[in-house]
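Read the structure below first, then the notes.
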Amino acid sequence: MAATALRLEEEERHIVEILPLLLKKDPRFRREVTVILSETLATKDDLRQILEELRVSREETNRRFEESDRRFDALVQEMREGFELQSKAMSELEIKVDNGLQATRDLETKVDNLETKVDNGFELQSKATKDLETKVDNGLKAIGIKIDTVGSRWELFAEATIRNTLKELLLKNLDVTEVKEWRVQDKDGVVFGYSCEIQGDLLIKNGENYLVEIKSSAGSNDVSILNRKAKFYEQLTGVMPKTIFVAVNMNEEGKKSCQALNVQLISYDEIKD
């Protein structure tokens with residue numbers, strides 16, 4: 001073995017010494033060596049192509065980040081305008097309610113004065129007063145219904161706005177390769193106990209599936225539902241996704257459920273920067 005290694009070493013030294021002379025003297029030998037080297041080493045054209053592809057990829061990445069920033073700024077502006085419009089509508093409604101209450105108080109004062117002046121026809125006046133009170137109560141109930149309706153619309157608007165904002169912030173801070181909405185019909189009631197459509201946000205990062213739930217406020221029941229969705233996803237696809245819960249407010253029982261069920265909890269403070 002030692003003699004073979006020594007012989008190979010001597011042959012290598014001989015090749016190194018004679019190779020420059022052969023390249024200079026023998027054009028045919030020089031061409032063959034050039035062909036062999038071109039098959040194993042990158043040429044200048046290859047390097048130029050690689051550098052051009054890197055430049056195009058970097059420009060595309062910068063363009064995508066700029067587009068994401070523009071969409072996020074537009075979303076923030078839309079939220080700000082929505083809050084301003086909602087605040088204005090609530091203020092106008094409060095003024096109308098105050099005016100209605102003042103009108104009711106004025107009417108009650110007139111009724112009291114009328115009762116003091118009227119000595120006769122008590123039964124007739126009493127009936128008229130009761131009718132008037134019924135109308136006032138109906139008016140106040142109508143105002144209450146309008147307030148409740150506006151409140152419900154506001155809660156839906158705020159929840160959707162917060163979800164969209166948290167989703168934009170999450171995607172901006174994660175190096176996600178694919179984002180899609182997962183929708184499927186749960187005919188056997190695996191998640192909620194009855195047949196219904198199941199939906200969620202599915203993120204793909206480095207070949208890993210993440211099932212994400214986003215809410216402004218959440219608790220242990222919301223975490224349990226996310227865990228059942230993940231098991232249902234595994235039942236359908238054979239892949240158990242990792243679970244992420246993004247919430248502005250998560251109560252203590254919800255936090256304990258996240259730890260027990262191995263659900264990653266991300267708060268607003270962790271992604272807002």
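Points worth noting:
- Among residues of segment 192-205 that are in the same structural domain as Val223 (by TED's automatic domain parsing) and touching a residue at least 24 places away in the same chain (Cβ under 8 Å), those with a beta-carbon under 6 Å from a residue that is acidic (Asp, Glu) and assigned to a strand (DSSP E or B) at least six positions away or on a different chain give the pairs Ile198/Asp186; Ile204/Glu178.
- Unique match (being surrounded by 10 or more Cβ atoms within 10 Å (Cβ to Cβ), modelled with pLDDT of 60 or more and in contact with a Ser or Thr (Cβ under 6 Å, 6 or more places away or on another chain)) among Met79, Met90: Met79
- Residue match in segment 205-222 (condition: surrounded by fewer than 18 Cβ atoms within 10 Å (Cβ to Cβ) and among the aliphatic types (A, V, I, L, M)): no
The values are calculated or read from the model by the stated rules, or taken from the named source; none is laboratory data. Everything quoted here is computed from the prediction, not taken from an experiment. Backbone-built Cβ (ideal geometry, glycine too); neighbour counts: all protein chains shown.
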